[in-house]
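*Asks:* One structure follows; several queries about it will come next.
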Amino acid sequence: MSSAPPLDAATLFAVNATSLVVFAIAYLIAWSRRSNRTYWLNLTIANIIFAIAFVMFSRRVGGGNDALLLPNCLIMVGLGFRWQAIRAFFGHRPRYLLSIILTALVAGLLSMVDQLGIALVFGSANIAIAIQIFVIMFALARERNQHLPSRWGLVFAYGVVAASSVLRVIQGWMLDRGMDSLLPADTFLDIHLLAAAVHIVASGAFSLSMAYEQGTSELQQAALRDPLTGLSNRLGLENALAQQSGSFTQPYSVMVIDIDDFKRINDIHGHNFGDAVIKRCGETIAKSLRANDLVARFGGEEFVAVLPQVSLDQARILCERVRAAIEREVVRGDDVAVQFTVSIGLSQFTAHPRSFSELIVDADKQLYRAKAAGKNRVEAAQDVKLDVVAPS
């Protein structure tokens, strides 16, 4: 029984090209469902370009150097699209200059192969490829705030082909100075194509996995946010408090903020205008408070803010800041301009710890006092002096 013949380089090129097309179709389907995610389109284009380059390479293994300029430049262009895909995935604007420079460098080297020599051009072109790959790896690794485990699998996938490219640099500059082709049919080419096969499958699988992780994370975040204002909802605020419990060991205050006469605004101007008032109120509260204060919409026209590391009198000053800022706001609609006010109730964490729910109940009581006393005012659990320096 005869054994199957080993795969030759031309066949490996064809197999890799087929794999690239398969993943390009998968990316294209993903893009058709979410066309605002441009990284799917960039990945599709990159894979198609790579597949064309691989088919061109498969016909020129061990042959002359005249027709190798285009497929090598296509590899650089494809890597450029891969880089833009990673940047788009993480919400960064595209950058083309580096890819253009590296592609032009490869084109210039290949066009001067007769003057510079095959080995020098071979090694230099592969180091340009390796640089572009390392840039992609850096773009993946630098996103430390992204909880996406699959991105490290993607880093590995690019690392495999980067290592293979570095090996070809060593081949051209040190090991095979007498090479007679820019695409020699040797063991190094087989290793490079096997590395490419690993990269294609791994990068495709981890790209899809990373997108799934991001989608899951976005759904989780959406569940913690109010869609109208973009602020946290009650669950989001409670989660944030649980995660930052160590930051709230010192006294902190809870504000409950309610828009005055909101039903009247809705009845007169309509629900769309009412939504605009709620949105403007949330924006103004967030802008008026400090960066480390937590703000959430609890539903309807009610907001809650948690103010860490402030005394009650300092918290009262922050409440007054919010109240005054909202009083100055004007919401405009069709032939109408409306000013609105808020009432605020304030409670304080004391030496006798209470649960967050208890603080909310206490702040609600102060809110009812503010409403009963004429609205557009702040009520706290006790009288405080306002001669305290406001917290920055």
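The values are calculated or read from the model by the stated rules, or taken from the named source; none is laboratory data. Keep in mind that this is a model prediction, so the values were computed, not measured. Methodologically, a virtual Cβ is constructed for each residue, glycine included, from the backbone with ideal geometry; neighbour enumeration extends over all protein chains shown. Heavy atoms of the whole protein, side chains included, go into the accessibility calculation; ligands, DNA and RNA do not. Shrake-Rupley method; radii C 1.70, N 1.55, O 1.52, S 1.80 Å.
*Asks:* Could you list, in sequence order, the residues of region 108-120 that are open to solvent by 30 Å² or more (accessible area, probe 1.4 Å) and either over 18 Å from Pro71 (Cα atoms) or in contact with a strand residue (DSSP E or B) (Cβ under 9 Å, 6 or more places away or on another chain) (or both)?
*Replies:* Listed by number, the residues that qualify are Asp114, Gln115, Leu116, Leu120.
*Asks:* Which of the residues belonging to region 224-239 are over 20 Å from the mean Cα position of the chain (by Cα), touching a residue at least 24 places away in the same chain (Cβ under 8 Å) and in a helix (DSSP H, G or I)?
*Replies:* Arg234, Leu237, Glu238, listed by residue number.
*Asks:* Test of understanding: among Ala324, Ala276, Ala291, which residue is surrounded by fewer than 16 Cβ atoms within 10 Å (Cβ to Cβ) and more than 22 Å from Ala242 (Cα to Cα)?
*Replies:* Ala324
*Asks:* Here is a follow-up. For region 333-392, which positions are at pLDDT 85 or above and among the polar types (S, T, N, Q)?
*Replies:* Result: Gln339, Thr341, Ser343, Ser347, Gln366, Asn376.
*Asks:* Assess whether Ile49 counts as being crowded, with 16+ Cβ neighbours inside 10 Å and either under 28 Å from the mean Cα position of the chain (by Cα) or of a type outside the set (D, E, K, R) (or both).
*Replies:* yes
*Asks:* Of the residues that sit in region 181-223 and are assigned to a loop (DSSP other than H, G, I, E, B) and in contact (Cβ under 8 Å) with a residue 60 or more places away in the chain, which one is surrounded by the fewest Cβ atoms within 10 Å (Cβ to Cβ)?
*Replies:* Ala185
*Asks:* Take Ala305 and tell me if it is modelled with pLDDT of 90 or more, open to solvent by less than 40 Å² (accessible area, probe 1.4 Å) and assigned to a helix (DSSP H, G or I).
*Replies:* Judged against the criteria, Ala305 is not a match.
*Asks:* How about region 264-310: which of its residues are touching a helix residue (DSSP H, G or I) at 6+ places or on another chain (Cβ under 9 Å), aliphatic (A, V, I, L, M) and closer than 18 Å to Ser343 by Cα?
*Replies:* Matches in region 264-310: Ile265, Val277, Ile278, Ile285, Leu289, Val295, Ala296, Val304, Ala305, Val306, Leu307.
*Asks:* Let me ask you something else. Can you name the helices (runs of 4 or more DSSP H) wholly within region 108-171 that have at least 3 residues being among the polar types (S, T, N, Q) and in contact with a helix residue (DSSP H, G or I) (Cβ under 8 Å, 6 or more places away or on another chain)? Quick ask: steps written out before the conclusion?
*Replies:* On the way: elements: 113-116, 118-141, 150-170.
Hits in region 108-171: 118-141, 150-170.
*Asks:* Filter region 320-340 for residues that are touching a residue at least 12 places away in the same chain (Cβ under 8 Å) and more than 34 Å from the chain's Cα centre (by Cα); which is farthest from Ser232 (Cα to Cα)?
*Replies:* Here is the first cut: in region 320-340, the residues touching a residue at least 12 places away in the same chain (Cβ under 8 Å) are 320-323, 325-327, 329, 331, 333, 336, 338-340.
Of the ones still in play, those that are also more than 34 Å from the chain's Cα centre (by Cα) are 320, 323, 327, 333, 336, 338-340.
Working: Glu320: 22, Arg323: 20, Glu327: 23, Gly333: 26, Val336: 30, Val338: 26, Gln339: 25, Phe340: 22 Å.
Among those residues, the one meeting the criterion is Val336.
*Asks:* OK, next. Scan region 224-235 residue by residue and report those that are open to solvent by 90 Å² or more (accessible area, probe 1.4 Å) and closer than 19 Å to Phe273 by Cα.
*Replies:* Once the filter is applied, which keeps residues that are open to solvent by 90 Å² or more (accessible area, probe 1.4 Å) and closer than 19 Å to Phe273 by Cα, region 224-235 yields only Pro227.
*Asks:* Please indicate, with yes or no, whether at least one residue in region 84-92 is more than 21 Å from the chain's Cα centre (by Cα), part of a helix (DSSP H, G or I) and either more than 24 Å from Gln171 (Cβ to Cβ) or polar (S, T, N, Q) (or both).
*Replies:* No, every residue in region 84-92 fails to be more than 21 Å from the chain's Cα centre (by Cα), part of a helix (DSSP H, G or I) and either more than 24 Å from Gln171 (Cβ to Cβ) or polar (S, T, N, Q) (or both).
*Asks:* Which residue, of Ile100, Ile75, is part of a helix (DSSP H, G or I), in contact with a helix residue (DSSP H, G or I) (Cβ under 7 Å, 6 or more places away or on another chain) and on the phi < 0 side of the Ramachandran plot?
*Replies:* After applying the criteria, what remains is Ile75.
*Asks:* Let me ask you something else. Of all residues in region 88-107, count the ones that are open to solvent by 30 Å² or more (accessible area, probe 1.4 Å) and not small (Gly, Ala, Ser).
*Replies:* Result for region 88-107: 10.
*Asks:* What residue, of Gly159, Gly123, Gly153, Gly178, is at pLDDT below 90 and either open to solvent by less than 10 Å² (accessible area, probe 1.4 Å) or over 13 Å from Asn72 (Cα atoms) (or both)?
*Replies:* Going through Gly159, Gly123, Gly153, Gly178 in turn, the sole match is Gly178.
*Asks:* Return only the number of the condition from (1) farther than 28 Å from Gly215 by Cα; (2) assigned to a helix (DSSP H, G or I) that Asp66 does not satisfy.
*Replies:* Checking Asp66 against (1) farther than 28 Å from Gly215 by Cα; (2) assigned to a helix (DSSP H, G or I), the one that fails is (2).
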